[in-house]
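J.: Once you've had a glance at the structure underneath, I'll fire off some questions.
The values are calculated or read from the model by the stated rules, or taken from the named source; none is laboratory data. Nothing here was measured: the structure is a model prediction, and the numbers come from that model. Note that each Cβ is placed from the backbone with ideal geometry, even for glycine, and that neighbours are counted across all protein chains shown.
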Amino acid sequence: MKKYTTPRNEGSVAFGVIILGIGIVLLLRKFGLFIPGWVLTWPMILIVIGVFTLINKQFKSFFGSVVLFIGVYFLLKREFDLDLGIEQFIWPVGLIALGIYLITQKKREDKVLDGVRQNWESSRKNKAVASDSEKIEDAAGVEPAPSPETNVPASDTGFIRATGTAFVDRINERVIFSGVNRKLMTKDFQGGNAKVIFGGLYLDLTQVDFTGVATLDLEVGFGGIKLIIPPHWDVRTELSNIAAGLEDKRIFREGGVDTSKVLILKGTLLFSGLEIKSF
């Protein structure tokens, strides 16, 4: 694990610029200056949310792209009478695009998990072979050779059970129009990412251990995440909140915070909620 360094939070800067711009527009209107009416319409709100999300995610956000497109289209139609005749196709095409995204994302995750399972099974076989070799070499008085398992990276071993228990070192969750209950089991937690859109994610990290810094990159839109972690972890948030709530309900015990275990939460909460708890 690498040491903690304070990174730049471009999301907070972008959100600050947006708030500053809105304030300037309202102030100019109070002074009687002409400000076009479309500047403060609901399509512009969608455009601002889409641009903000894309900037915060380095222009790699599916959710931000969709929101930006919808905002731009309805702004052009409402204020400039630019009707492209595609309004009746927006919902069907949007659902098709969402379906394709979910299918391709699922296939990508399955491919990763297949590789993880193969590596895990291979490491078990190598361990068994190495154990048998050590027994034979010990009986013959020969110094045992290094186990092939040492060549298998820890981050590449693991699997996810149908019950929701995951034996992996990194989180990679996509929750869209659904709910996921995930419990992680690892002694070498390396963070990860989660995208929750119109859904909910219950993430239990009480059986997780690590030393150093682990980063969780969260992108939550119109959804919620409940994060269950040990009470002694040092949690540092670098989240950009837009009409969202963040609450730490952990019950702290004697001994205080362990600064050798730093969990960084970064990303965007948009009309969403994040609750941190402990048992």
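J.: Let me spell it out: the conditions are (1) at pLDDT 90 or above; (2) assigned to a strand (DSSP E or B); (3) over 16 Å from residue 170 (Cβ atoms), and residue 241 meets all of them except one. Which number is the exception?
T.: (1)
J.: Another question, then. Looking at 211, 268, can you tell me which residue is more than 17 Å from residue 166 (Cα to Cα) and more than 14 Å from the chain's Cα centre (by Cα)?
T.: 211
J.: Among the residues of the stretch 247-267, which ones are assigned to a strand (DSSP E or B) and over 19 Å from residue 192 (Cα atoms)?
T.: If we filter the stretch 247-267 for residues that are assigned to a strand (DSSP E or B), which is where we start, we get 247-248, 258-267.
Answer for the stretch 247-267, where residues must be assigned to a strand (DSSP E or B) and over 19 Å from residue 192 (Cα atoms): 247, 248, 258, 259.
J.: Shifting gears a bit: Being crowded, with 17+ Cβ neighbours inside 10 Å and not β-branched (Val, Ile, Thr) is the filter; apply it to the stretch 239-252 and report the residue that is nearest to residue 273 (Cα to Cα).
T.: Here the residue is 244.
J.: Let me ask something else about it. Look through the stretch 27-69, keep the residues that are under 36 Å from the mean Cα position of the chain (by Cα) and not in a helix (DSSP H, G or I), and return whichever of them is modelled with the lowest pLDDT.
T.: So the first thing to find is which residues in the stretch 27-69 are under 36 Å from the mean Cα position of the chain (by Cα), and the list is 38-69.
Adding the requirement that they be not in a helix (DSSP H, G or I) leaves 41, 57-61.
Values: 41: 80, 57: 70, 58: 73, 59: 77, 60: 73, 61: 73.
That would be 57.
J.: Here's a follow-up. Would you please name the residue that is modelled with the highest pLDDT, looking only at residues in the stretch 148-201 that are under 21 Å from residue 264 (Cα atoms), among the aliphatic types (A, V, I, L, M) and part of a loop (DSSP other than H, G, I, E, B)?
T.: Out of the qualifying residues, it is 185.
J.: Among the numbered conditions (1) assigned to a strand (DSSP E or B); (2) surrounded by 20 or more Cβ atoms within 10 Å (Cβ to Cβ), tell me where residue 210 comes up short.
T.: Condition not satisfied by residue 210: (1).
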